[in-house]
Amino acid sequence: MNPTHEVFNQPAPLSDYNLLATNRPLRDALKFNAPALDTEELGRLGATLGSSAMQTHARLANVHGPVLHSHDRFGRRVDQVEFHPSYHELMKLATGAGLHGTPWSDEEPSPHVRRAAGFMLFTELEPSILCPISMSYAATPALRGNTAIYADWGPKLASRAYDPELKPWQAKAGLTMGMGMTEKQGGSDVRANTTRAEPSGRDGWGERYAITGHKWFFSAPMCDAFLVLAQTKSGLSCFFLPRVLPEGGLNAIRIQRLKDKLGNKANASSEVEFEAAQAWLVGEEGRGIPQILEMGTMTRLDCALGTSGLMRQALALALNHTSQRKAFGKLLVEQPLMRNVLADLALESEAATALAMRLARAFDRPGEAHEAAMARLLTPVAKFWICKRGSHFAQEAMECLGGNGYVEEGGEGIMARVYREMPLNSIWEGAGNIMALDLLRALRKADAVAALAQELSAARGAHPALDKLAAALPTRIEEMASEVEARRLAQDVALAVQAVLLLQTAPAAVFGAFCDSRLAGNWGQSFGTLGAGTDFDAIIARAMPR
Ligand SMILES: Cc1cc2nc3c(=O)[nH]c(=O)nc-3n(C[C@H](O)[C@H](O)[C@H](O)COP(=O)(O)OP(=O)(O)OC[C@H]3O[C@@H](n4cnc5c(N)ncnc54)[C@H](O)[C@@H]3O)c2cc1C
């Protein structure tokens, strides 16, 4: 009781719940994409991630952001980033759960799907620390381009130990990696990179180079090493750049400053300069872009997974709030128009989860031609469409909480954090247009259109609007006259694949409402515009986090 009034009609925060046990769409996606997977460990992770103790760490890591120490008090360069202890607790949990390099050496079935689900769940708690976790996951396929370095670093990138100390790799229990492509004059078009690499000898890791230049965005600069692009006489090449040299001593990576960002506050993103920093060639000289894009592909998967996790968290917060808050004599969740908003968000969230998890499955089976084709096609499609929907989704979910949604403080302040994070997944690792254009490149490959048709054939006859779209896509792809239509194509491929997946993993109410709204046009231009005949009860009950 406050001295002046009683506080009532304010919801209890969504805390101390199991993120996996209460996420039916994710559990069904797991069953579909990895039927033999033992989900017990994921279940334990889900409980930890939903605990109030971890929520406090997430809040503290964001409130007390990273601090750069470029020099010590005696004027010597140290280039260190200091983090709040809660940041390290989150990193320890993520590496302990094997969300970084572990799948690459995991003997269990479906390691990438398992890790994808864990990554999605972790995003609900705190997305920004997942930047170095994601890059450490993504580095392996590209790093294999230098077998000697991979032999040394691979096992420690997969190790579940978190070791934040700055010391030579040999002395560390676990390692992390980042990437440096973007320069001031070009991020999407990295061919504009001016950073140069001069040969400086040869050793057990192969050709050694001295790198001079800069990177304008260089996230998680306290990682143990980075894959970076630099120009040699043969063109843009990919290099392995450790923070500490194998012979000891700091490499010449000078952190100029940390970026002051809209969101993603717990993660340090920096600007750096390299002063003849020592690096080793990875892959073929002059073939740096395809080499580093093997890393980019995996981080793009994580953008789709991460945004799906953020959507799920925003939806869970909206459902938690509206099922406890009354207005005009009823719980908000009982108000017909609010039910339309919540059900529409639930459809979007489940469709995102289904698509992102299906994409993860493709990476579990690289030897199968169809799965390889799906990895190539669905990476840009999922990254484009899911991330594009994220900001709009977060705004609508925030509005379900009314004014409380816009406030940073306390438990429900998570919503503001989700909202600020959303645009980032759409921008980094290839912004929207770059993804749509990449889809056109992927479709030029022989058999790409046939692979897409095969994927869509699983739902033939299930809904007339889906049949119509699936039948039209091959001709549209073939006859597409200009890249100006690339976004619309990426959107329609995403919607078609999402519908097909929902038929296979979700109840009929979800599949039917998704097709009616997204494909058959019984929908408006904002969330909350589903047709009156929608089975709102079934859709909302399935999405409830409690
Ligand atoms: C918080 C944060 C952290 C980051 N961390 C890293 C990191 O660790 N390492 C790293 O290398 N980079 C990092 N980046 C950089 C990020 O990947 C780039 O910002 C992104 O790739 C876009 O590049 P750009 O900023 O140079 O924009 P530009 O390349 O100038 O693009 C601007 C816009 O133009 C569009 N565009 C570009 N080309 C075309 C075209 N041909 N047709 C149509 N549209 C086009 C793009 O889609 C985009 O919308 C980070 C960015 C952020 C915001």
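The values are calculated or read from the model by the stated rules, or taken from the named source; none is laboratory data. It should be emphasised that the depicted structure is a prediction, and the values quoted were computed from it without experimental measurement. We place every Cβ from the backbone using ideal geometry, glycine too, and count neighbours over all the protein chains shown. Side chains included, ligands, DNA and RNA excluded: accessible areas come from the protein's heavy atoms. Shrake-Rupley method; radii C 1.70, N 1.55, O 1.52, S 1.80 Å.
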Task: Criterion (surrounded by fewer than 22 Cβ atoms within 10 Å (Cβ to Cβ), hydrophobic (A, V, I, L, M, F, W, C) and in a helix (DSSP H, G or I)) met by exactly one of L293, L262 - done: L293
Task: Residue satisfying condition, being on the phi > 0 side of the Ramachandran plot, without any contact (Cβ under 8 Å) to a residue 40 or more places away in the chain, away from the ligand (no atom under 15 Å from the Cβ) and open to solvent by less than 60 Å² (accessible area, probe 1.4 Å), within set G206, G201 - done: G201
Open item on the list: Can you tell me how many residues within segment 211-226 are under 30 Å from S159 (Cβ atoms), more than 10 Å from the ligand (Cβ to nearest atom) and surrounded by fewer than 24 Cβ atoms within 10 Å (Cβ to Cβ)?
Closed with: 1
TODO: Would you mind finding the one in R287, R325, R339 that is open to solvent by 30 Å² or more (accessible area, probe 1.4 Å), more than 16 Å from the ligand (Cβ to nearest atom) and touching a Phe, Trp or Tyr at 6+ places or on another chain (Cβ under 6 Å)?
DONE: R339
Open item on the list: Checking the conditions here, which among A151, A161 is in a loop (DSSP other than H, G, I, E, B), over 25 Å from A375 (Cα atoms) and open to solvent by 20 Å² or more (accessible area, probe 1.4 Å)?
Closed with: A161
Open item on the list: Here's a check for you: in segment 169-198, which residue that is free of Cβ contacts under 8 Å to residues at least 24 places away in the same chain and in a loop (DSSP other than H, G, I, E, B) is most open to solvent (accessible area, probe 1.4 Å)?
Closed with: Q185
TODO: Please work out if S391 is assigned to a helix (DSSP H, G or I), of a type outside the set (A, V, I, L, M), within 16 Å of the ligand (Cβ to nearest atom) and open to solvent by less than 20 Å² (accessible area, probe 1.4 Å).
DONE: no
- [ ] Give just the number: which of (1) surrounded by fewer than 24 Cβ atoms within 10 Å (Cβ to Cβ); (2) over 22 Å from R243 (Cα atoms); (3) of a type outside the set (S, T, Y) does K156 not satisfy?
- [x] (2)
Open item on the list: Report every pair of residues separated by at least 6 positions or lying on different chains whose Cβ atoms are under 7 Å apart, first residue within segment 119-146 and among the basic types (K, R), second surrounded by 24 or more Cβ atoms within 10 Å (Cβ to Cβ).
Closed with: none
Task: Out of A458, A451, A416, sole residue that is more than 16 Å from the ligand (Cβ to nearest atom), open to solvent by 40 Å² or more (accessible area, probe 1.4 Å) and either aliphatic (A, V, I, L, M) or at pLDDT below 95 (or both) - done: A458
Open item on the list: Being at negative phi, within 12 Å of the chain's Cα centre (by Cα), of a type in the set (A, V, I, L, M) and modelled with pLDDT of 95 or more narrows it down to one residue among L125, L130; which is it?
Closed with: L130
Task: Residue tally, condition open to solvent by 40 Å² or more (accessible area, probe 1.4 Å), away from the ligand (no atom under 11 Å from the Cβ) and within 17 Å of Q491 (Cα to Cα), over segment 419-444 - done: 1
TODO: With respect to L166, determine if the residue is in a loop (DSSP other than H, G, I, E, B) and open to solvent by less than 10 Å² (accessible area, probe 1.4 Å).
DONE: no
TODO: Give the number of residues within segment 111-132 that are basic (K, R) and open to solvent by 10 Å² or more (accessible area, probe 1.4 Å).
DONE: 1
Task: segment 71-108, residues that are open to solvent by 60 Å² or more (accessible area, probe 1.4 Å), outside any helix (DSSP H, G or I) and more than 20 Å from K156 (Cβ to Cβ) - done: H71, R73, F74, R76, R77, Q80, E82
